[in-house]
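The values are calculated or read from the model by the stated rules, or taken from the named source; none is laboratory data. All figures in this text were calculated on a predicted structure; none of them were measured in a lab. When we count neighbours, we look across all protein chains shown, and the Cβ atoms used for this are built from the backbone with ideal geometry, even at glycine.
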Amino acid sequence: MYEILGETTLRTDEVMEVGVINAPDQPHAEEIKKFLGHKPQFFDWHIERCVVEPLDELETRFYVGKVDGHIITNIMTVEHDGIGILGHVYTLPDQRRKGACKGTMAFQMEGFRQRNGHALYLGTGYNSHPYHIYHSFGFESVYPESGFMKYHVNDDFEETYFATTTALPKDVEWHDWPKLTALSGIVGWDILRSLLWNVYGPTNLESGFLILKRTLEVSDVLNDAKLLTTQDGVIVGWATVNRDSKWRHNIALLDLFFHPNFVDSVPALLSSLKFPELKVQCYIDSDAVKKAEVLEAAGFSREGRFKNHIEYRGKKYDVLVFGREG
């Protein structure tokens with residue numbers, strides 16, 4: 001469904017209509033697919049599907065600005081339970097620097113607040129022109145000098161959202177997408193978060209989730225993937241296991257990350273995974289003390305240490321290798 005939200009005047013004195021396409025929307029499917037047809041494969045896969053079919057409980061919205069009935073700018077959001085990712089911000093080259101994006105953004109942000117949204121995340125170049133546009137709407141770097149940005153309606157969002165409670169494992173669903181980025185965006189915890197997704201430190205999983213979801217649906221690369229989720233639907237941990245191609249698929253790789261408030265629930269997450277009948281290894285950074293304790297309690301033993309193996313934001317870390325026979 002296309003809903004007209006209002007109008008804004010561009011710097012050229014042209015009047016731009018701003019509206020939102022709530023996916024799925026078959027009548028506007030080709031229009032939005034054509035406008036965003038330059039997007040890479042994994043993003044294109046989501047766009048192609050969301051405009052014609054529901055994707056579990058994921059809410060996908062395309063905020064568009066139109067001049068003379070033609071789209072000149074777009075901002076997409078994917079949301080669930082008030083947590084969202086903002087992306088696919090694109091303005092036609094000949095329509096830039098006219099205020100089209102900023103004008104559309106104002107309607108998008110107001111809509112998010114009216115829906116009682118809690119947190120939005122996005123990725124852009126640090127200190128770039130778009131960075132300063134987003135900053136003007138209340139976004140800030142997740143960590144200093146980062147283009148990974150967050151907008152929290154309330155300053156205590158993370159404290160209340162990740163408050164300790166019980167959590168249980170579940171399968172991956174489409175609407176987990178923005179919530180996984182809320183988890184991967186926490187600061188001050190493990191650095192090596194996922195070898196499979198190449199996640200080091202706080203990271204926007206806008207593309208990482210799509211790679212995971214597509215892999216789960218169309219290939220057998222992953223043996224299993226589970227998420228740790230509270231009864232309120234907050235994702236507080238993830239675990240994946242796959243055959244490690246570096247060792248000719250004779251070793252399985254476990255990736256594990258969880259919020260520090262939910263250490264006690266991680267054993268249930270590990271127990272829910274379907275491990276292949278192979279030796280399983282897990283790599284962690286040397287500061288991940290709690291993760292090491294969880295792995296040892298699950299039958300893993302430390303097999304080695306790579307000295308100064310990774311560097312993150314100017315600090316070097318050892319990488320510890322834990323293993324368990326299949």
Need a quick list: strands (runs of 3 or more DSSP E) entirely within region 143-258 having at least 2 residues that are crowded, with 19+ Cβ neighbours inside 10 Å and among the small types (Gly, Ala, Ser).
235-243
Is there any pair with a first residue in region 112-130 that is basic (Lys, Arg) and a second that is outside any helix (DSSP H, G or I) whose Cβ atoms are under 9 Å apart and which are 6 or more apart or on different chains, and what are they?
Arg113/Val153; Arg115/Glu59; Arg115/Glu79; Arg115/Gly82
Identity of the residue in region 152-179, polar (S, T, N, Q) and without any contact (Cβ under 8 Å) to a residue 60 or more places away in the chain, that ends up nearest to His132 (Cα to Cα)
Asn154
Scope region 294-315; condition of a type in the set (A, V, I, L, M, F, W, C) and either surrounded by fewer than 13 Cβ atoms within 10 Å (Cβ to Cβ) or outside any loop (DSSP other than H, G, I, E, B) (or both); matching residues:
Val294, Leu295, Ala297, Phe306, Ile310
Regarding region 138-151, can at least one residue be identified that is touching a residue at least 12 places away in the same chain (Cβ under 8 Å) and more than 17 Å from the chain's Cα centre (by Cα)?
yes
Please list, ordered by first then second residue, the pairs with beta carbon atoms under 7 Å, 6 or more apart or interchain, first in region 40-58 and more than 12 Å from His88 (Cα to Cα), second hydroxyl-bearing (Ser, Thr, Tyr) and outside any helix (DSSP H, G or I).
Phe42/Ser207; Cys50/Thr60
Considering only region 271-290, I want to know if a residue exists there that is among the polar types (S, T, N, Q), in the same structural domain as His309 (by TED's automatic domain parsing), surrounded by 15 or more Cβ atoms within 10 Å (Cβ to Cβ) and under 24 Å from Glu159 (Cβ atoms).
no
Please find, within region 119-137, the residue that is farthest from Thr160 (Cα to Cα) out of those that are part of a loop (DSSP other than H, G, I, E, B) and either under 18 Å from the mean Cα position of the chain (by Cα) or of a type in the set (Ser, Thr, Tyr) (or both).
Ser128
Regarding Ala106, is this residue touching a His at 6+ places or on another chain (Cβ under 8 Å) and of a type in the set (Gly, Ala, Ser)?
no
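Rundown of residues vs (1) under 16 Å from Thr181 (Cβ atoms); (2) in contact with a helix residue (DSSP H, G or I) (Cβ under 9 Å, 6 or more places away or on another chain), yes/no style:
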| residue | (1), (2) |
| --- | --- |
| Pro27 | no, no |
| Leu36 | no, yes |
| Phe42 | yes, yes |
| Phe62 | no, yes |
| Gly65 | no, yes |
| Gly103 | no, no |
| Gln114 | no, no |
Answer with yes or no whether Phe275 is in contact (Cβ under 8 Å) with a residue 12 or more places away in the chain and part of a strand (DSSP E or B).
no
Please specify each residue of region 1-41 satisfying the condition of being surrounded by 15 or more Cβ atoms within 10 Å (Cβ to Cβ), farther than 17 Å from Thr60 by Cβ and not charged (D, E, K, R).
Thr8, Leu10, Met16, Val18
Options Arg96, Arg115: the member that is surrounded by fewer than 18 Cβ atoms within 10 Å (Cβ to Cβ) and under 21 Å from Leu55 (Cα atoms)
Arg115
